[in-house]
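Each remark here refers to the structure printed beneath this line.
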Amino acid sequence: MPDNHKKSHHGAHPSTAVLTRGFNPHLSVGSARPAVFRSSTYVFSSPEAAERAFDLTSGRAVAEPGETPDLVYSRFNHPNAEILEDQIVPLEDGAEWAVVFNSGMAAIMTALLSSLKPGDTMVYTVPLYGGTQGLIHDLLEPFGVRCIPVMAGRGDQIDEAIAATGGLRVVLMETPANPTMVMTDIRRAVAAASKLPERPVVMVDNTFLGPAFQHPLQLGADIVLYSATKYLGGFSDLLGGLVLGKDAELGQKIRVKRGLHGNILQPDECWILDSRLPTVSLRMNRQSKNAQRIAESLVGRPEIRKVYYPTLFDDPEQIRIRLSQCDYAGAMISIDLHGGKPAAFEFLRNIQLARNAVSLGGVETLVCHPKTTIHSGLSPEEMVIAGITDGLVRISVGIEDWRDLLRDFEHALDAAAKTVQLSETVPSK
Ligand SMILES: *Cc1c(COP(=O)(O)O)cnc(C)c1O
């Protein structure tokens, strides 16, 4: 929306700017909150304006400072996408622009295809979100991109892969890694990438800790990727994705590709997602506090082999990375239960307040068994790398009262304990 409006809010803090910039009530007949513009096409102010808008939309020309080109067609751009993109920028420390997509996968795919062509190479950390892993094997590799995996958290291996790989165009990191929260040092990978004569684009999937607790652009990354379905959306009721960055040319390349891929988020969903932005930080803070209390209370329970949570890391390097790049530990906990799959399933059967579902980041607490659901497509070696065992249960903590959730989990652990005793006394067939 109009630039003059943006400038009048310059310098405001993120929690203020998210409510005040990027939206001009006069363009929504005075409405205090944005209207929804559901048109698929827009009337041009003149044939010349139409010609100019097409030159800009297709990337043949670059907008002059302060220029507000006519809208064209909603696959390229529409007012609710513009409002959302403008309002989310202050939430991501270091961002200059945002591009919204109809899912996290769409955002990741379009960002990657904007920087990779056949013959190029990408280095990526493992484990990755299962869908992203699938995108690499089923789209990028057949397309002719060489994709080199490196273990999350292993700074030495990542440095080496970045230094030794010819034709490197993208470094893709996901930190913390799902589901065991292994962290990768973003600054260190950026430093390794910066030593190359032609710097690859450094991308970070920031879905688990951003935008509240981890700021990859401030650590030197070029692009931040989100599944907005998770914390940004926050209510498990919409799909969305975002790419944010600093370099204007890179942003324009991604925008043009989005027009070709046809994966912009629809006006209604943009409007809903936009209404969730002012509370992202409030929700994430509450969720993270809840999770930390629950994780720390679960330590020492005899049914649990290990609690995975960033404030409970025992590896000094992991502790160092957490302290250097994350403000708070976030709201994802994984617990590895004694008694394997039967114990994990019994735990899931006995939760009463939390719900057995995949996904994360919503205000309600969700629990799942990674090995048989979200990570069921991994090979046995990939399971080992990802730290996924039969007894592993992943918890996305919501905003409920943490004491009720803890009681719910303790009750389910009591039930899970019975399966362990059973399997130990009854000889297996
Ligand atoms: C959910 C998720 C995605 C995919 O996002 P969708 O919105 O489901 O397409 C990508 N990365 C991470 C880390 C995720 O959790």
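For the reader, a short list of remarks on this structure follows.
- Extreme residue, positive dipole direction of the chain, given options 374, 220, 130 (C-beta unit charges): 374
- For residue 181, distant residues with modelled amide H under 5 Å away: none
- Backbone HN-Hα couplings from phi across region 283-294 [Karplus 6.51/-1.76/1.60, Hz, Gly and Pro as x]: 5, 5, 5, 5, 5, 5, 4, 4, 5, 5, 5, 5
- Put a plus charge on the Cβ of each Lys and Arg, a minus charge on the Cβ of each Asp and Glu, and nothing anywhere else: the dipole of the chain about its Cα centre is then about 400 debye.
- Efficiency of FRET between residue 24 and residue 406 - r from beta-carbon atoms, R0 45 angstrom, step 0.05: 0.45
- Separation in nanometres of the label points that stand 7 Å from Cα toward Cβ, at residue 268 and residue 311: 4.1 nm
- Spacing of the modelled spin labels on residue 46 and residue 341, each 7 Å from Cα toward Cβ, amounts to 7.0 nm.
- Other-chain or far-sequence residues with amide H under 5 Å of residue 170's (modelled H): 121, 123, 201
- Built amide H within the under 5 Å cut-off of residue 304, gap 5+: 338
- Length added when fully stretched, residue 296-residue 381, from 0.36 nm per residue minus Cα-Cα: 27.6 nm
- Per residue accessible area in Å² of region 146-236, where ligands, DNA and RNA are left out and the probe is 1.4 Å: 30 Å²
- Applying 1/(1 + (r/R0)^6) with R0 = 51 Å to the Cβ-Cβ distance of residue 358 and residue 67 gives a FRET efficiency near 0.70.
- For region 34-108 versus region 171-200, the spacing of their alpha-carbon centroids is 30 Å.
- From most to least packed by mean Cβ count within 10 Å, the peptides 65-73, 24-32, 239-247, 364-372 give 239-247, 364-372, 65-73, 24-32.
- In the chain, helical runs assigned H by DSSP with n ≥ 4 each contribute -39500 (n - 2.57); averaged across all residues and rounded to the nearest 500, the mean residue ellipticity at 222 nm is -11500 deg cm²/dmol.
- Residues of region 343-373 falling in the label zone of residue 414, defined by backbone nitrogen less than 17 Å from a point 7 Å along Cα to beta-carbon, are 346-354.
- Computed over the alpha-carbon atoms, the chain gives an Rg to Rh ratio of 1.00, Rh here being the Kirkwood radius from the mean inverse distance.
- Reachable aspartates and glutamates from residue 257, criterion Cα separation under 12 angstrom, eight or more residues apart if same chain: none
- Using the Karplus relation 6.51 cos²θ - 1.76 cosθ + 1.60 with θ = phi - 60°, the per-residue 3J(HN,Hα) values for region 394-408 come to 10, 10, 9, 7, x, 9, 4, 5, 4, 5, 5, 5, 4, 4, 4 Hz, with x marking Gly and Pro.
- Hz values of 3J(HN,Hα) by residue in region 256-261 - Karplus curve (6.51, -1.76, 1.60), Gly and Pro given as x: 5, 5, 4, x, 6, 6
- Selection of GluC sites (Glu not before Pro), region 147-217, meeting DSSP coil and at most 15 other Cβ within 10 Å: 198
- Nearest-0.05 FRET efficiency for residue 324 and residue 246, computed from C-beta distance (R0 30 Å): 0.90
- Summarising the label geometry, the points placed 7 Å from Cα in the beta-carbon direction at residue 148 and residue 372 lie 3.9 nm from one another.
- Taken over the C-alpha atoms, region 79-231 has Rg and Dmax values of 14.7, 45 angstrom.
- Projected over every direction and averaged, the convex hull enclosing the alpha-carbon atoms of region 178-223 yields 3.3 nm².
- Remark: the residue 196-residue 275 segment gains 24.3 nm on full extension, using 0.36 nm per residue and subtracting the alpha carbon distance.
- Each Cα pair of region 179-290 feeds into the Kirkwood radius, which the Stokes-Einstein equation turns, at 4 °C and 1.567 mPa s, into a diffusion coefficient of 83 µm²/s.
The values are calculated or read from the model by the stated rules, or taken from the named source; none is laboratory data. Since this is a predicted model, take the numbers as computed values, not measurements. Every residue, glycine among them, receives a Cβ derived from its backbone with ideal geometry; neighbour counts consider all protein chains shown. Remember, those area values only see protein heavy atoms, side chains included, never the ligands or the DNA or RNA. Shrake-Rupley method; radii C 1.70, N 1.55, O 1.52, S 1.80 Å.
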